[in-house]
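Below you'll find the structure, written out as C-alpha cells, and then a few comments.
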Amino acid sequence: MYISIQYLRGFAAIFVLLSHISFKLETHSFNFLNGFYIGSYGVDLFFIISGFIMCLTVDNKKSTFVQFMKARFVRIIPLYWILSIVALFIFIIKPSLINSSGGNTSILGSFTLLPNGDKYLINNGWTLSYEFFFYFIFAFFIPFKAWQKYLTSIVLLFLSVCGFLIDITNSYIIFMTSPLLLEFVMGIFCYKIIKQNLIKPTFSFLLFFVSIGLLTYVNLLDSKEYFLGRALYAGLPMMLLFLAVVSFEKKIPNNKFLFNIGMSSYSLYLLHPFVLSGVTVGFKFLGLMDYEYIYFLSMLFISLISAWLCYKLIELPVDKKIRNYLYSRV
C-alpha cells in the first residue's frame, strides 16, 4: 500500500467536498469560497489514481477477466447501492432534495450505472460509470499480460480521438469517447514512470510546484476551451501532482489523520452530498443560516466524521462479509 496514494485519495475527496460546499455557500449568498473553481478536479485525480492502482493490482496478482471484474464490483458497488437505496427513499418522499440543481433523475441508471444522459440518485455516481468502463477494457486485455497496459492505453486513446473527430449526439457514444478516458491512460503512464524510478527528488519538487502553479492558473481562467478539454486543463496538473507526491513515497511520514481520510475517501465521496443537505436543513431549522463560517466548518467536519463512521461501520464490514462469503464458496 502506498501511503502517498492514500493521502492523494483523501486530497481528491476533500477537493470534491469543497467544491460542493462552495456550491452550497453560493446558493445561500455566502462568498467564503468564491473564486475556488477547481474542487471538481479531485475527480480527475481519482481517475489517474485508478489507472495506477489497476496496474499495480494486476502486476501483484494473477487474475482472469471474471475475477478482476468481480473484485471491482465487490469493492465499489455495495456501498454505492446502499446509499443509492437511501437516496431513493428520500427521492420518493421529497424529490426536490435529490439533484436539487435540476435535471432528470434516472433510477434505472442509478443502479446500473448506464450513462443514459440523466442524473443518478447519487449524482457523483457518474464517475463510477467511467471507472467500470475503464475496468472492463483493462480486464479484457488481461490475457495479453505484458501488453495489457499498452493495449488498454491504445484503445482509450483511440476512443478519445474518435470523440474529437466525430460529431456525436448519442449519450452512450459521447460517454464512450470522452476525453476523460485519457486520465486513466495518465495513471498507466504514471505507473510506468514510478515503477522504473525515473523521477529524482529535485525533479519531484519541480513537478510539485509546476502542478500547483498550473492549478492556480487554471483556477483564474474565465474560459477553459482547450484541445483535449478537461483532460488537459485538469488532468495534466493532477498527473504532475500525482507523480511528484508518489515519487516521495519512501520519505513521506505516516500521519494517522491523513491516512484515515484516505482510507475513508470513498465513503466521503459518496456520503457527503447527504451530509451537506442534512446540515443545511438543520441550520435552517435552528435559524443559524446567517453564520457563514460555522455553516462551512459544520459541513466540512461533519462530512469527514460521517465518512469515517460510514467506512468503519458500513463500508469495511460489508466488504469483509461479501468477500468472506464469496471465498467460502470457492
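The values are calculated or read from the model by the stated rules, or taken from the named source; none is laboratory data. Please read these numbers as outputs of a predicted model, since none were measured by experiment. Positions of Cβ are generated from backbone atoms using ideal geometry, with glycine treated the same way; all protein chains shown enter the neighbour counts. Each accessible area value is taken on the protein alone, full model and side chains, heavy atoms only, with ligands, DNA and RNA left out. Shrake-Rupley method; radii C 1.70, N 1.55, O 1.52, S 1.80 Å.
One residue stands out among those in the range 260-292 that are in a helix (DSSP H, G or I) and touching a Phe, Trp or Tyr at 6+ places or on another chain (Cβ under 7 Å): the one that is nearest to residue 19 (Cα to Cα), which is 270.
Checking the structure you have, find out if any residue of the range 253-269 is open to solvent by less than 30 Å² (accessible area, probe 1.4 Å), touching a residue at least 60 places away in the same chain (Cβ under 8 Å) and hydrophobic (A, V, I, L, M, F, W, C). Yes; the residues of the range 253-269 include at least one that is open to solvent by less than 30 Å² (accessible area, probe 1.4 Å), touching a residue at least 60 places away in the same chain (Cβ under 8 Å) and hydrophobic (A, V, I, L, M, F, W, C).
With respect to the conditions (1) closer than 24 Å to residue 99 by Cα; (2) buried (at least 16 other Cβ atoms within 10 Å of the Cβ), residue 235 falls short on a single one, namely (1). Restricting attention to the range 310-330, which residues are surrounded by fewer than 13 Cβ atoms within 10 Å (Cβ to Cβ) and free of Cβ contacts under 8 Å to residues at least 12 places away in the same chain? Residues satisfying the conditions are 313, 317, 320, 321, 324, 325, 327, 328, 329, 330. Pick from the range 290-330 the residues that are of a type in the set (Gly, Ala, Ser) and more than 15 Å from residue 267 (Cα to Cα): which of them is modelled with the highest pLDDT? Only one residue fits best here, namely 298. Filter the range 279-303 down to the residues that are surrounded by 15 or more Cβ atoms within 10 Å (Cβ to Cβ) and either under 19 Å from residue 86 (Cα atoms) or basic (Lys, Arg) (or both) and list them by number. Result: 279, 280, 302, 303. From 287, 262, which residue is modelled with pLDDT under 95 and of a type in the set (Gly, Ala, Ser)? So the residue among 287, 262 that is modelled with pLDDT under 95 and of a type in the set (Gly, Ala, Ser) is 287.
Conditions tested, residue by residue: (1) closer than 25 Å to residue 58 by Cα; (2) surrounded by fewer than 12 Cβ atoms within 10 Å (Cβ to Cβ).
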{"position": "192", "(1), (2)": "yes, no"}
{"position": "202", "(1), (2)": "no, yes"}
{"position": "208", "(1), (2)": "no, no"}
{"position": "246", "(1), (2)": "yes, no"}
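Is it the case, given these coordinates, that residue 274 is in contact with a helix residue (DSSP H, G or I) (Cβ under 8 Å, 6 or more places away or on another chain), surrounded by fewer than 20 Cβ atoms within 10 Å (Cβ to Cβ), in contact (Cβ under 8 Å) with a residue 60 or more places away in the chain and over 27 Å from residue 119 (Cβ atoms)? When the stated conditions are applied, residue 274 does not pass them.
In the range 157-170, of all residues being open to solvent by 40 Å² or more (accessible area, probe 1.4 Å) and either modelled with pLDDT under 95 or touching a Leu at 6+ places or on another chain (Cβ under 9 Å) (or both), the one that is nearest to residue 135 (Cα to Cα) corresponds to 157. Restricting attention to the range 76-106, the residues being open to solvent by 20 Å² or more (accessible area, probe 1.4 Å) and hydroxyl-bearing (Ser, Thr, Tyr) number 4. Close contacts from the range 101-129, counting a first residue that is without any contact (Cβ under 8 Å) to a residue 12 or more places away in the chain and in a helix (DSSP H, G or I) and a second that is open to solvent by 30 Å² or more (accessible area, probe 1.4 Å) and charged (D, E, K, R), with Cβ to Cβ under 6 Å and a gap of 6+ residues or different chains, come to 109/118.
Can you tell me which residue is nearest to the chain's Cα centre (by Cα) among those in the range 26-54 that are crowded, with 23+ Cβ neighbours inside 10 Å and farther than 13 Å from residue 12 by Cβ? Out of the qualifying residues, it is 51.
In the range 135-147, the qualifying residues are those that are at pLDDT 95 or above and of a type outside the set (A, V, I, L, M), and the one that is surrounded by the fewest Cβ atoms within 10 Å (Cβ to Cβ) is 136.
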